[in-house]
Amino acid sequence: MLLLAVDTSGKNGSLALVRVDQSRFDVLELVPLAGRMYSAQIIPELQDALARQNLKKTDIDAYVVASGPGSFTGLRVGLSTVKALSEVLHKPIAAVSVLEAAARMATRNGRVTVAMDAGRKQAFVGEYEFDVESNTVSDEESLVSLEGWLGKDPTQAKRGVEYNHCGMFSPDQTVLDAAAAHGLKICAIIAPQADMFARIGYGKIVRGQTTPAEVLEANYIRASDAELFSLPKLMP
């Protein structure tokens, strides 16, 4: 199976072409995408990657896309590109949470907490329970005040020493610095790239957990500024 995986959720992104089946996972191309230029880059970079591999868009069997949380504009670019390709070529889509992809970077089973910088002194937090086959058993994702999450919940202080001294992980220096200021242990991980999204997405495709293009939406977790400012003001 040939997969195209796209991540445009953050300040920088990537796309990957991956040949995968039950016995192998071959990353044919892993192409970085510069943030704020996704709409201008993604199709030319895809065309170049396919040409280097002597492949065509019609050779792609399925798509994997980072569905959020993350940059509103970035997510829209990645999702709209994948939706358009899927609608034209009639291939399935697997949507993958950015938080789950980050949690997988911890490379461990059991319970994993991952936190990512959400700006505005907030964090996206994902709580996952992975089984021995690395399938997600349960998950919970939320937007929290970074200061409140680290400073007011006493269970967080304990969680950092439970799982081999590291039950919480983050790829973002802002979160790591904030945790250190509260005397908490959060381990640094590398931010996931498109090949990690492809790994997770392949499992979803095999299990039939695909999303039709017409209903695929971003998981922003929080409302955009436009949505917040358009909400009617409540009477005092």
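Give the stretch 1-15 a look and list any residue that's over 18 Å from Leu89 (Cα atoms) and either in a strand (DSSP E or B) or not assigned by TED's automatic domain parsing to the domain that holds Ile200 (or both), or say none. Answer for the stretch 1-15, where residues must be over 18 Å from Leu89 (Cα atoms) and either in a strand (DSSP E or B) or not assigned by TED's automatic domain parsing to the domain that holds Ile200 (or both): Asp7, Asn12, Gly13, Ser14, Leu15.
Of all residues in the stretch 172-210, exactly one satisfies the criterion of being outside any helix (DSSP H, G or I), of a type in the set (D, E, K, R) and at pLDDT 95 or above, namely Asp172. Taken as a whole, the structure leaves Val31 outside the set of residues that are within 20 Å of Ala101 (Cβ to Cβ), assigned by TED's automatic domain parsing to the domain that holds Lys83 and crowded, with 21+ Cβ neighbours inside 10 Å. In this entry, Tyr63 is excluded by the filter for residues that are among the aromatic types (Phe, Trp, Tyr) and more than 22 Å from Gly208 (Cα to Cα). Taken together, Val88, Val82, Val96 contain a single residue that is of a type in the set (Val, Ile, Thr) and touching a Ser or Thr at 6+ places or on another chain (Cβ under 9 Å), which is Val96.
Taken together, the residues in the stretch 191-209 that are surrounded by 19 or more Cβ atoms within 10 Å (Cβ to Cβ), under 16 Å from the mean Cα position of the chain (by Cα) and not charged (D, E, K, R) amount to 10. Once the stretch 68-97 is narrowed to residues that are under 20 Å from Gly10 (Cα atoms) and polar (S, T, N, Q), the residue that is surrounded by the most Cβ atoms within 10 Å (Cβ to Cβ) is Ser97.
The values are calculated or read from the model by the stated rules, or taken from the named source; none is laboratory data. Just so we're clear, the structure is a prediction, and the values are computed from it rather than from any experiment. Using ideal geometry, Cβ is built from the backbone for each residue, glycine included, and neighbour counts are taken over all protein chains shown.
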